[in-house]
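Q: What follows is a single structure, and I will ask about it in a moment.
The values are calculated or read from the model by the stated rules, or taken from the named source; none is laboratory data. For clarity, every value in this text was computed on a predicted model and none was experimentally measured. Counting neighbours? That spans all protein chains shown, and the Cβs are built from the backbone with ideal geometry, glycine included.
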């Protein structure tokens, strides 16, 4: 995902001199070609995220299109005041790319986990929020971000995210993608956990439960139509996000279902519930320890289905 983003940014810069790349003491290797070919449009601010964001607002005010890149929790939390006041309040044409979504920086611990970034960015007026599932989608959202006149946040994993899409597709801002069709349970997910969710959904489908799987690559504006249609079709909705359940995908989906007067739908959010992720180790280790493995997701889908049928158990 990260490499696809940088590659897309390079291609944008090759054809548009308004494109600038800004980093905060990271991306040294992946930006080598960009820095070599467009040195006058590359700036490394060191560990100074807030300053970097203020500079992006200044560049945007001069007609440039700056893309600022650093670890997701730093660009959204350490520089939140600047993102809010310098970028969103002024509706500046600034693009923010946060790498390390969810637990991707697993062995660095909760200080480097991106598990609150969506809640922060979704709360901001004027901000478009993209959360791609794999490299193909990362490229698409980066190219689309350059076309949007206003603030954009792109939530990225790292360079080793498994492929979700086997072939190209027609990407549309604010339109969810149906990865699997089904009628018993709807599962809505986003970002790099999508591949794990897809494996769980396929296992459940093989057991005879018809599961509809939706990848929500755009969280703002979110696809209300597909959420309401899925809730109505299946009567049971599970959201899965490598993020706190507060203020992210699950909260957005729940609000849409309730505001759509569909109170009969069984609903469950799978995410961090007012806790930081526990444990240290590989990405897979952290997912398993915190309830995000294929088995955990499979169990939640089955419980939701059985609960809909009146057979809920722990």
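Q: Give, as residue ranges, the strands (runs of 3 or more DSSP E) completely inside the range 166-284 that count at least 1 residues that are in contact (Cβ under 8 Å) with a residue 24 or more places away in the chain and over 15 Å from the mean Cα position of the chain (by Cα).
A: 177-180, 185-189, 211-215, 236-244, 266-272
Q: Mind telling me which of the residues 85, 91 ends up being surrounded by fewer than 24 Cβ atoms within 10 Å (Cβ to Cβ), assigned by TED's automatic domain parsing to the domain that holds residue 22 and within 21 Å of residue 144 (Cα to Cα)?
A: Among 85, 91, only 91 is surrounded by fewer than 24 Cβ atoms within 10 Å (Cβ to Cβ), assigned by TED's automatic domain parsing to the domain that holds residue 22 and within 21 Å of residue 144 (Cα to Cα).
Q: Same structure, new question: I need the full set of residues from the range 141-158 which are touching a strand residue (DSSP E or B) at 6+ places or on another chain (Cβ under 9 Å) and in a helix (DSSP H, G or I), in order please.
A: Across the range 141-158, the qualifying residues are 141, 142, 144, 145, 146.
Q: Okay, next question. Would you point out the residue of the range 141-163, among those that are crowded, with 21+ Cβ neighbours inside 10 Å and modelled with pLDDT under 95, that is nearest to the chain's Cα centre (by Cα)?
A: Result: 157.
Q: Determine whether the range 9-17 contains at least one residue that is crowded, with 16+ Cβ neighbours inside 10 Å, under 22 Å from residue 80 (Cα atoms) and either in contact (Cβ under 8 Å) with a residue 24 or more places away in the chain or not assigned by TED's automatic domain parsing to the domain that holds residue 194 (or both).
A: The answer is no; no qualifying residue exists.
Q: Looking only at the range 149-165, which residues are out of contact with any helix residue (DSSP H, G or I) (no Cβ under 8 Å at 6 or more places or on another chain) and touching a residue at least 40 places away in the same chain (Cβ under 8 Å)?
A: 149, 150
Q: Restricting to the range 285-295, and then to whatever is surrounded by 15 or more Cβ atoms within 10 Å (Cβ to Cβ) and touching a residue at least 40 places away in the same chain (Cβ under 8 Å), can you tell me which residue is farthest from the chain's Cα centre (by Cα)?
A: 285
Q: Please verify whether the range 123-130 includes one or more residues that are surrounded by 21 or more Cβ atoms within 10 Å (Cβ to Cβ), assigned by TED's automatic domain parsing to the domain that holds residue 93, in contact with a strand residue (DSSP E or B) (Cβ under 9 Å, 6 or more places away or on another chain) and outside any strand (DSSP E or B).
A: Within the range 123-130, one or more residues are surrounded by 21 or more Cβ atoms within 10 Å (Cβ to Cβ), assigned by TED's automatic domain parsing to the domain that holds residue 93, in contact with a strand residue (DSSP E or B) (Cβ under 9 Å, 6 or more places away or on another chain) and outside any strand (DSSP E or B).
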